[in-house]
Every structure is written in C-alpha cells, then in structure tokens.
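Engineer: I'd like to ask some things about the structure below.
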Amino acid sequence: MGAGRADLFKAIDETHSLRQACMKLGISYKHAWMMLKKMNEALGEPAVVTVRGGKDQGTFLTDFGRKLLAEYETSKKLINEAVGDETSWENVGFKLSARNRLPGRVLEVEKSGLVSKITIEIEPSFLTSVVTEEAVEKLDIKPGDRIYAVIKSTEVMVAKAAGEKETLKAGSKEADSFD
C-alpha cells in the first residue's frame, strides 16, 4: 500500500463509488479498476468489493481493506515522525552524521516499473540509489534537485529538505554548493 492506493481507498470509503473516487482524485477509472483488481488478486482476499443492483449498490472497502488503510496510516505517521526528528533515526537503526549524509545533486532519474534509479553527483564522484517510484513521486525528485544521500550499511536512502521544490541549473554557482 502506497500513498496513491491509500488516497483511492479513502475516496472509495467516502463516496462508495469507484467512478466518483476517480473523479475526485483525477485518475483514470480503468487504471484504478485494474490496480484494485490486481491488488485483490495478490492479497488473496478482497480489500475492495463492488455490490451491483438495489439500493445498497456501490464500491466499498472490506474490513480487510480498512485494516490495510489503518496500518498504512499508522506506518506513515511513524515514518513522518522519525523523518522530522533526526534523533529518532537512531530508532530505525542509524544516526545521521556528516559521514553518512552526503549532499549531492540529482543527475538522472530512470523510472522502471515499481522502482527508480537515481544518479546523484557527489563531488568528485557519482552514486546510484534504487528507490521505489512512489518515493521519487512523493519527494518530487528530478534532475537538478539538491538532495542528501543517506547511507546505512548496504543501503543508500535519499532525503530532500521539506519545501525544497526548486531545481538548480547544472553549472550554476548555487548548484555547486550546499548551504
């Protein structure tokens, strides 16, 4: 479950209609329907059901679907709290320091299905991080962005300062240094 599916679940729960949920979110009905179909099949138990005919018709979350959404919201809250407080990174297994938080600039974002490869320029070298496509979308990462490569053991995570939406032009004085 990611942010997109969670938003769809919430909209379905509010509207009791897949079509209205899609209109509310500005997404394709066919895309949403296929996503829910694949999700229900993969889970082995339906998270969303459609009732046809009668006064009680519509699309509804099952108890299982509500449980998935609640678990997602709880996880999201915990992660947001951890990201907002550098000291809480210790609780997820590492401390942030100058040694494992490297400032860099995004050179390329290569999306490939569920994962994306981010090539980061960290003078005098380059680093590649493989993250979910959802993470790239959520952080709005694009070439030219200044980011941090957060390194833990064999993982390289990516962090972007909240509210930092501007992109920097390659070769500009600003692009070559971090404040």
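Read-outs throughout are calculated quantities, based only on the coordinates presented, and are distinct from any laboratory measurement. Everything numeric here is computed off the predicted structure, so don't read it as measured data. Backbone-built Cβ (ideal geometry, glycine too); neighbour counts: all protein chains shown.
Engineer: Fewest Cβ neighbours within 10 Å first, please rank Val49, Val106 accordingly.
Structural biologist: Val49, Val106
Engineer: At Lys24 and Thr50, where each label point lies 7 Å from the Cα along Cα→Cβ, what is the point-to-point distance in nanometres?
Structural biologist: Output for this residue pair reads 1.8 nm.
Engineer: Turning to a different aspect of this structure: For an R0 of 41 angstrom, estimate the FRET efficiency from the Cβ-Cβ distance between Thr15 and Thr119 and round to the nearest 0.05.
Structural biologist: The pair Thr15/Thr119 has a calculated efficiency of 0.50.
Engineer: Any of Lys37/Lys67; Lys67/Lys160; Lys30/Lys77; Lys77/Lys160; Lys67/Lys142; Lys55/Lys77 with alpha carbons more than 28 Å apart? Name them for me. Mind dumping the intermediate values first?
Structural biologist: Values: Lys37/Lys67 18 Å; Lys67/Lys160 30 Å; Lys30/Lys77 30 Å; Lys77/Lys160 18 Å; Lys67/Lys142 34 Å; Lys55/Lys77 37 Å.
Where the Cα-Cα span goes over 28 Å, the pairs concerned are Lys67/Lys160; Lys30/Lys77; Lys67/Lys142; Lys55/Lys77.
Engineer: Another one. Non-local amide H neighbours of Ser17 (under 5 Å, H modeled in plane, Pro and chain starts lacking H): which ones?
Structural biologist: Placed amide hydrogens put Thr59 under 5 Å from Ser17.
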